[in-house]
């Protein structure tokens with residue numbers, strides 16, 4: 001059975017699944033996701049190359065379209081050949097940590113996750129499962145590289161902050177030495193770690209002093225921030241990014257503002273949303289983040305134009321990206337690249353391996 005058919009079959013049974021106890025619904029969603037992704041990364045049947053008019057060049061790297069996966073889709077560096085053959089602009093692996101992590105088990109459920117299909121929303125409490133940077137930084141991601149490869153990593157929550165930062169620097173040098181990696185994304189938005197603007201800026205200064213200023217090859221470094229970031233906090237962080245010559249900002253990751261995202265949830269899915277956020281917490285992704293990601297990117301671009309840094313600095317949009325209309329809206333304000341996750345799988349359910357073809361062949 002084709003992997004898309006499996007996804008459609010699971011979607012078809014969703015009305016029946018909704019009748020089950022909510023704890024069982026979470027268990028089924030979580031286990032089905034794991035099995036689906038195991039098969040998905042092996043499914044390299046599609047082949048589509050977007051027209052050259054869609055190409056984007058960032059930092060001298062040529063992306064074949066302005067849309068690619070966001071970090072979290074392929075935590076252990078799988079799936080490059082799948083999405084690039086479909087027409088993705090580029091690829092990013094991770095988010096990974098210095099040490100291996102097995103991820104969360106809550107209420108007896110391994111790697112809790114749900115989708116709310118009527119609301120086009122997903123919620124995960126995965127807890128950063130990954131094989132660790134020692135292994136992943138040495139991984140051969142593909143034997144047929146045709147588009148840029150990025151890697152997302154972050155300070156592990158398993159260490160005190162100063163030790164975690166020291167380990168993060170070690171990890172950055174590991175990926176620096178992997179010739180397949182073209183750019184780095186530092187995740188400062190993960191719901192596994194509580195943050196404030198002062199902590200973030202202090203960490204960014206430390207990273208700049210111990211890694212950014214010492215790079216010995218062309219390796220752009222982008223910082224990913226949450227869609228929950230306030231405008232004034234964003235400007236404070238951008239000041240540091242410009243001063244320390246970071247290469248871009250990604251806005252943004254999942255949200256933990258449950259009261260805000262709740263307004264976007266379908267009435268038929270509110271009970272499961274409330275149950276999950278109360279019992280599992282986690283980060284919310286999907287269409288409920290569309291407006292926030294757009295507004296934050298718009299503010300970042302306006303602030304960049306106000307400051308006018310004397311080097312190449314890009315604004316990347318992730319969160320609530322669902323298709324060509326979002327790409328056009330991003331283009332209109334100067335967003336350089338778009339990333340999707342929930343939007344990708346929502347479209348995959350309908351179009352299978354032709355997700356990028358449906359967006360970029362018209």
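Every residue in the stretch 304-321 that is touching a helix residue (DSSP H, G or I) at 6+ places or on another chain (Cβ under 6 Å) and under 13 Å from residue 225 (Cβ atoms), please.
315, 317, 319 - these are the residues of the stretch 304-321 that are touching a helix residue (DSSP H, G or I) at 6+ places or on another chain (Cβ under 6 Å) and under 13 Å from residue 225 (Cβ atoms).
Of all residues in the stretch 98-122, which are crowded, with 18+ Cβ neighbours inside 10 Å, out of contact with any helix residue (DSSP H, G or I) (no Cβ under 9 Å at 6 or more places or on another chain) and closer than 16 Å to residue 280 by Cα?
The answer is 104, and nothing else.
Would you say residue 306 is crowded, with 16+ Cβ neighbours inside 10 Å and assigned to a helix (DSSP H, G or I)?
Considered against the rule, which asks whether it is crowded, with 16+ Cβ neighbours inside 10 Å and assigned to a helix (DSSP H, G or I), residue 306 comes out as no.
Restricting attention to the stretch 226-242, which residues are part of a helix (DSSP H, G or I) and within 19 Å of the chain's Cα centre (by Cα)?
Result: 234, single match.
Restricting to the stretch 286-296, what's the tally of residues that are touching a helix residue (DSSP H, G or I) at 6+ places or on another chain (Cβ under 7 Å) and crowded, with 24+ Cβ neighbours inside 10 Å?
Summing the residues that are touching a helix residue (DSSP H, G or I) at 6+ places or on another chain (Cβ under 7 Å) and crowded, with 24+ Cβ neighbours inside 10 Å in the stretch 286-296 gives 3.
Considering only the stretch 327-344, state which residues are part of a helix (DSSP H, G or I) and in contact with a helix residue (DSSP H, G or I) (Cβ under 8 Å, 6 or more places away or on another chain).
327, 329, 330, 333, 342, 343, 344, listed by residue number.
Determine whether residue 349 is crowded, with 23+ Cβ neighbours inside 10 Å and either assigned to a strand (DSSP E or B) or in contact with a helix residue (DSSP H, G or I) (Cβ under 9 Å, 6 or more places away or on another chain) (or both).
no
Please state which one of 206, 276, 246 is over 30 Å from residue 180 (Cα atoms), buried (at least 16 other Cβ atoms within 10 Å of the Cβ) and modelled with pLDDT of 95 or more.
The unique qualifying residue is 276.
Of all strands (runs of 3 or more DSSP E) completely enclosed by the stretch 7-86, which ones contain at least 3 residues that are surrounded by fewer than 19 Cβ atoms within 10 Å (Cβ to Cβ), modelled with pLDDT under 95 and on the phi > 0 side of the Ramachandran plot?
Qualifying strands (runs of 3 or more DSSP E): none found.
So residue 312 ticks every box in (1) assigned to a loop (DSSP other than H, G, I, E, B); (2) modelled with pLDDT under 95 but one. Which box is left unticked?
The single condition residue 312 does not satisfy is (2).
Can you find, within the stretch 261-273, the residue that is surrounded by the most Cβ atoms within 10 Å (Cβ to Cβ) among those that are touching a residue at least 24 places away in the same chain (Cβ under 8 Å) and in a helix (DSSP H, G or I)?
Step by step, filter the stretch 261-273, then rank; the result is 261.
Let me confirm something: among 221, 233, which residue is in contact with a helix residue (DSSP H, G or I) (Cβ under 9 Å, 6 or more places away or on another chain) and at pLDDT 95 or above?
Just one listed residue meets the conditions, 221.
How many of the residues making up the stretch 211-225 are over 23 Å from the mean Cα position of the chain (by Cα) and surrounded by 16 or more Cβ atoms within 10 Å (Cβ to Cβ)?
So the answer is 0.
Kindly indicate whether residue 144 is touching a residue at least 60 places away in the same chain (Cβ under 8 Å) and surrounded by fewer than 20 Cβ atoms within 10 Å (Cβ to Cβ).
Answer is yes for this residue.
Do we find a residue being more than 26 Å from residue 243 (Cβ to Cβ) and buried (at least 20 other Cβ atoms within 10 Å of the Cβ) anywhere in the stretch 152-162?
Yes.
So residue 324 passes all but one of these: (1) in contact with a helix residue (DSSP H, G or I) (Cβ under 6 Å, 6 or more places away or on another chain); (2) farther than 26 Å from residue 44 by Cα; (3) loosely packed, with under 15 Cβ neighbours inside 10 Å. Which condition number does it fail?
Unmet condition: (2).
Answer with yes or no whether residue 336 is within 28 Å of residue 265 (Cβ to Cβ), at pLDDT 95 or above and crowded, with 21+ Cβ neighbours inside 10 Å.
In short, no.
The values are calculated or read from the model by the stated rules, or taken from the named source; none is laboratory data. Computed from a predicted structure; not experimentally measured. Virtual Cβ from ideal backbone geometry, glycine too; neighbours counted across all protein chains shown.
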